[in-house]
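The values are calculated or read from the model by the stated rules, or taken from the named source; none is laboratory data. Everything numeric here is computed off the predicted structure, so don't read it as measured data. Ideal geometry is used to build each Cβ from the backbone, glycine not excepted, and the neighbour counts take in all protein chains shown. For the accessible areas, the whole protein counts, side chains as well, though only heavy atoms, and no ligand, DNA or RNA atoms are used. Shrake-Rupley method; radii C 1.70, N 1.55, O 1.52, S 1.80 Å.
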Amino acid sequence: MKHKIIMALFLGFAIAANAQFKNDNVLYKTVDPGDLCAALAKNPGYLLLDVRSAGENCDTSRSVSLNIGRLKGAKNIDVGELGKRIPEITDYKDKPVFVYCSHSQRSRRASKMLADSGFTKVFNINGGMTALYYDQAGDKTCLPSMVLTNNKYKVISPAEICSRMNAKGNQVFLLDVRSDSAFRHISNDAKINSIGTLEGAINIPYAELEGKLSSVPKNKEIIILDVYGTDPARAAAFLAGKGYNNLSVLIEGMDLWASSDVNELPCKNSIYKSPVSYPVLAASEFGRLVQKDNDYILLDVRTADEFGNKHKDYWRNIGRLKNAVNIPNSELNDRANELEQYKHKTIITYGFSGGPEAYAAAITLYNKGFTKVKVLGDGLFNIRWTAYNRKDQAYLKDLVTDLPEINW
């Protein structure tokens, strides 16, 4: 959903699996990460099936931000090989099989394949391996002992940063390894410029880290940040090789922090400095807003082809939010007068996913005197993903309309 590698991969998984949500609790069952421990206990003799790449399973993937461990005892079969390797697991045709990947897109494909091949007790782990690190995982009674990794650093959630800063703030060193232009919010990408910093964080770009090791203390826990979570993994591996042994990486970077629900991350704003005047809404925050407030406008800044489900790439045709108005970002500067009646009312901009367009649109509107602009972080795609991967957010799917059947 973003232009960095992890979200490019995420979209790649989505392209191959956009239509799989319709099979949830039809061809296979779904299980929320917070309920996983209880579900495993209720289904003895289960198989855990990891359908990520072998590199992800072993924490050696080139996509380093996807090296986030594995579940103890899981069998790894890449989803791309599953069709020809199903005979390896036929003993489980009538036994529980719990399937997971990184974000639960590939696992849905795999779950459908298994169901179509006669497996009768298939469970998709919603949110995948990534969600096990999110604060919403809830019941973590068995998860800490189940997650194994070959990394020499910890992967932590925004909430864990809050806990560490509260408990031992002076023993924590926040290392922000994004580029200088990204850290100073002067890059050419409106989305990247919108991502703020944590109070006290020291910026040493990853490319400059080797030459500035003297600035990184060895007697503190080093928590490493960037925008999307790619360079911190590289930086942590580098520092581990230089003798640093108390390293943590914020999963999915400061983008996850910025797009977290304040109700689920109470310290979100107390130690976070936002560089923009408009708020970025998590999917759940957006849901609450539209439930209680009717005096707003939804501004869809995608192209007319995307808004009308006529894009040449079918996977980009994912409907629209109900009652949304379409003004492509490229036309907004000249057409902002069409929104004049909303100059002092709430305008929520959104795009396909987490690209810069909705953020650029917010800037355009603020510069033209609009006073209550908000951005739906990670866009329409994330509304759908959240609706189908968090059990308390299922109602969000009802906010989407005009969805082509091929992408249900």
Residues of the range 332-349 with backbone N under 17 Å of the label point set 7 Å from the Cα of residue 296 along Cα→Cβ are 342-349
How would 95, 152 rank on accessible area, largest to smallest, probe 1.4 Å? 152, 95
When the Cα atoms of the range 275-408 are enclosed in a convex hull and the volume is divided per residue, what value in Å³ results? 104 Å³
Taking just the C-alpha trace of the range 164-212, give me its Rg and Dmax in Å. 12.5, 37
Below 8 Å between Cα atoms, with a sequence gap of 6+, how large is the relative contact order for the chain in percent? 16 percent
Of 52, 335, which has the most accessible area and how do the rest follow, probe 1.4 Å? 335, 52
Once label points are set 7 Å from the Cα along Cα→Cβ at both residue 325 and residue 38, what is their separation, rounded to one decimal in nm? 4.5 nm
Taking a probe of 1.4 angstrom, what is the accessible area of residue 344 in Å², to the nearest 10? 120 Å²
Nothing charged except the Cβ atoms of Lys and Arg (+1) and of Asp and Glu (-1): what's the magnitude of the dipole of the chain about its Cα centre? Round to the nearest 20 debye. 620 debye
Could you pull the accessible area for residue 160 with a 1.4 Å probe, rounded to 10 Å²? 60 Å²
Surface/4 estimate of mean projected area, convex hull on alpha-carbon atoms of the chain, nm²: 19.9 nm²
Heavy atoms only, probe 1.4 angstrom, no DNA, RNA or ligands counted: give me 401, 371, 120, 386 ranked by accessible area, highest first. 120, 371, 401, 386
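Once you compute Rg and the Kirkwood Rh from C-alpha atoms, what is the Rg to Rh ratio for the range 179-242? Working shown, then result.
Numbers: Rg = 12.2 Å, Rh = 12.7 Å.
Rg/Rh for the range 179-242 comes to 0.96.
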Whole-angstrom gap from the range 177-195 to the range 220-259, using each part's C-alpha centre: 17 Å
Report the accessible area of residue 315, computed with a 1.4 Å probe over the heavy atoms of all protein chains in place, in Å² rounded to the nearest 10. 40 Å²
Return the inverse of the average 1/r over all pairs of distinct C-alpha atoms in the range 29-80, which is the Kirkwood hydrodynamic radius, in Å to one decimal. 12.2 Å
Integer Hz, Karplus 6.51/-1.76/1.60 couplings in order for the range 141-154, x for Gly and Pro: 4, 10, 5, x, 7, 8, 7, 10, 8, 9, 5, 9, 8, 8
Quick calc: nm separation of the 7 Å Cα→Cβ label points for residue 395 and residue 120 -> 3.8 nm
Which of the three applies to the range 287-353, rounded, prolate or oblate, going by the alpha-carbon gyration tensor with a ≥ b ≥ c and a/c under 1.5 meaning rounded? oblate
For the pair residue 75 and residue 91, the simple spin-label estimate (label points 7 Å beyond Cα toward Cβ) gives in nm 0.8 nm
Reference-scaled alpha-carbon Rg (2.2 N^0.38 Å with N residues) for the range 101-173: 1.47
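With all distinct Cα pairs included, what does the Kirkwood hydrodynamic radius of the range 120-227 come out to in Å, to one decimal, could you say? Show your work: numbers first, answer last.
Working: mean 1/r = 0.0610 Å⁻¹.
One over the average 1/r among Cα pairs gives 16.4 Å for the range 120-227.
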Cα-Cα pairs of the range 29-125 separated by more than 23 Å (percent): 19 percent
To the nearest Å, what is the center-to-center distance of the range 367-408 and the range 86-147, using C-alpha atoms only? 25 Å
Checked against the positive end of the charge dipole of the chain (+1 on Cβ of Lys and Arg, -1 on Cβ of Asp and Glu, about the Cα centre), the farthest of 309, 237, 329 is 237
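Which entries in the list 191/391; 75/154; 242/273; 152/268; 42/154 go over 25 Å, if you measure between the two C-alpha atoms of each? Spell out each step's value before the answer.
Numbers: 191/391 28 Å; 75/154 23 Å; 242/273 31 Å; 152/268 27 Å; 42/154 30 Å.
Correct reply: 191/391; 242/273; 152/268; 42/154.
Using the Kirkwood radius over Cα pairs, work out the Stokes-Einstein diffusion coefficient for the range 51-99 at 20 °C and 1.002 mPa s, in µm²/s as a whole number. Show your work: numbers first, answer last.
Values: Rh = 11.8 Å.
In µm²/s, the coefficient rounds to 181.
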